[in-house]
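For reference, the structure is listed below as C-alpha cells.
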Amino acid sequence: MLEVARKADSVELKLTVPAADHRTAITGLGLDPLEAQIRQVFFFDTPDLTLNAAGLVVKLRPVDPDTLPSELRLSPAVGVEVDAMPGGYVCSASLKGKASARDVRAVAEGTAPLRSVLSKEQRAFFGAHAPDRLKLKDLSLLGPIFVLKQNFTPTDLGKRLTAELWFYPDGSRILELSTKCTAADAFQVSAEARLFLTEKGISLNGRQETKTKAALTFFSKQLRAAG
C-alpha cells in the first residue's frame, strides 16, 4: 500500500461502523444531525453495472498512478487517492467538476442530458475509460441516496474526521468515519485513530462495506426488476 500511496496525492483512512455501534459512535463522538450537511447522491450506470465492472464510478478505481496520462495527472481537477480500511485498500483517480443544484435536478428529472453537467475534461475522461461503444446517453439514473455529512475535530484526537451516514431506501444505513493524511503519516495517523475510536467503544472489526458498492447493488436490482 505504501508503495502505491507514495505516488498518490493523499491517503484516506476509512472505517465502516457496525450497525450495532451506530448509537455509540454518534454519542461518543458528539455528532449532531442538526449540524450535518444534507446531500443527495446520484449515480449513473447501466442496469447491469457495466461501468462499475470497468472500474469507472464517480472515480476510476483501481488505478496505477503511473498509467495516467501526464496532462491528466497534472490537471488541478484530478485527485489520486489511496482509500484504506481494515482488511484492504484501493487507489483511485477522480476528476471533479462543478454543477448547480438546478442543473443536477434537471438531469435527475430527465429534462436535461447527463453530459450537460459534465465538463469537457470529464466527458473526455469518460470516453477514455468507459467500455467500447458505451455512451453517456446509455446510462440510467441510480439514486438518490440521502446523506448526512459532518466534519469535526475531536479535541482528544486533534485531527479532522468526517462522518457520513447514508440512508438507503430499504431502511438500511451505513455510517462511515474517515480522515485524510499523507502517505508518510499514514501509519501514525492510523494508529492514533484506532486508539481514539477504540476508547470511544467503536468496534474496528465489523464488516467493511463501501457506500458506493451498496448503493449501486441496491439500485441495480431495482432497475433490472423494472426492466
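The values are calculated or read from the model by the stated rules, or taken from the named source; none is laboratory data. Please read all numbers here as calculations on a predicted model, not as lab measurements. Reconstructed Cβ throughout: ideal geometry from the backbone, glycine too, with neighbour counts over all protein chains shown.
Tabulated results
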item: Test: residue in region 202-211 that is surrounded by 18 or more Cβ atoms within 10 Å (Cβ to Cβ), in contact with a Lys or Arg (Cβ under 9 Å, 6 or more places away or on another chain) and not small (Gly, Ala, Ser); result: no
item: Region 27-39, residues that are surrounded by fewer than 17 Cβ atoms within 10 Å (Cβ to Cβ) and either free of Cβ contacts under 8 Å to residues at least 60 places away in the same chain or in contact with a helix residue (DSSP H, G or I) (Cβ under 8 Å, 6 or more places away or on another chain) (or both); result: THR27, LEU34
item: Residues being closer than 19 Å to LEU118 by Cβ, part of a helix (DSSP H, G or I) and either within 21 Å of the chain's Cα centre (by Cα) or in contact (Cβ under 8 Å) with a residue 60 or more places away in the chain (or both) - total across region 40-74; result: 4
item: Check on SER100, under 21 Å from the mean Cα position of the chain (by Cα), loosely packed, with under 12 Cβ neighbours inside 10 Å and of a type in the set (Ser, Thr, Tyr); result: yes
item: Residue match in region 198-208 (condition: in contact (Cβ under 8 Å) with a residue 60 or more places away in the chain, within 30 Å of ASP45 (Cβ to Cβ) and not small (Gly, Ala, Ser)); result: yes
item: Selected residue (criterion: farthest from GLU199 (Cα to Cα)) from residues of region 19-39 that are in a loop (DSSP other than H, G, I, E, B) and of a type outside the set (A, V, I, L, M); result: ASP32
item: Residue match in region 180-192 (condition: buried (at least 17 other Cβ atoms within 10 Å of the Cβ), farther than 24 Å from VAL63 by Cβ, aliphatic (A, V, I, L, M) and at pLDDT 90 or above); result: no
item: Breaking point among (1) small (Gly, Ala, Ser); (2) modelled with pLDDT of 90 or more; (3) in contact with a Pro (Cβ under 8 Å, 6 or more places away or on another chain), for GLY206; result: (2)
item: Residue check for LEU157: crowded, with 16+ Cβ neighbours inside 10 Å, in contact with a strand residue (DSSP E or B) (Cβ under 8 Å, 6 or more places away or on another chain) and modelled with pLDDT of 90 or more; result: no
item: Matching option when the condition is hydrophobic (A, V, I, L, M, F, W, C), in contact (Cβ under 8 Å) with a residue 24 or more places away in the chain and under 30 Å from LEU68 (Cα atoms), among ALA124, ALA186, ALA163, ALA193; result: ALA186
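Condition check ((1) over 28 Å from PHE187 (Cα atoms); (2) of a type in the set (Val, Ile, Thr); (3) modelled with pLDDT of 85 or more) across all residues:
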| position | (1), (2), (3) |
| --- | --- |
| PHE43 | yes, no, yes |
| ARG61 | no, no, no |
| THR67 | no, yes, yes |
| TYR89 | no, no, yes |
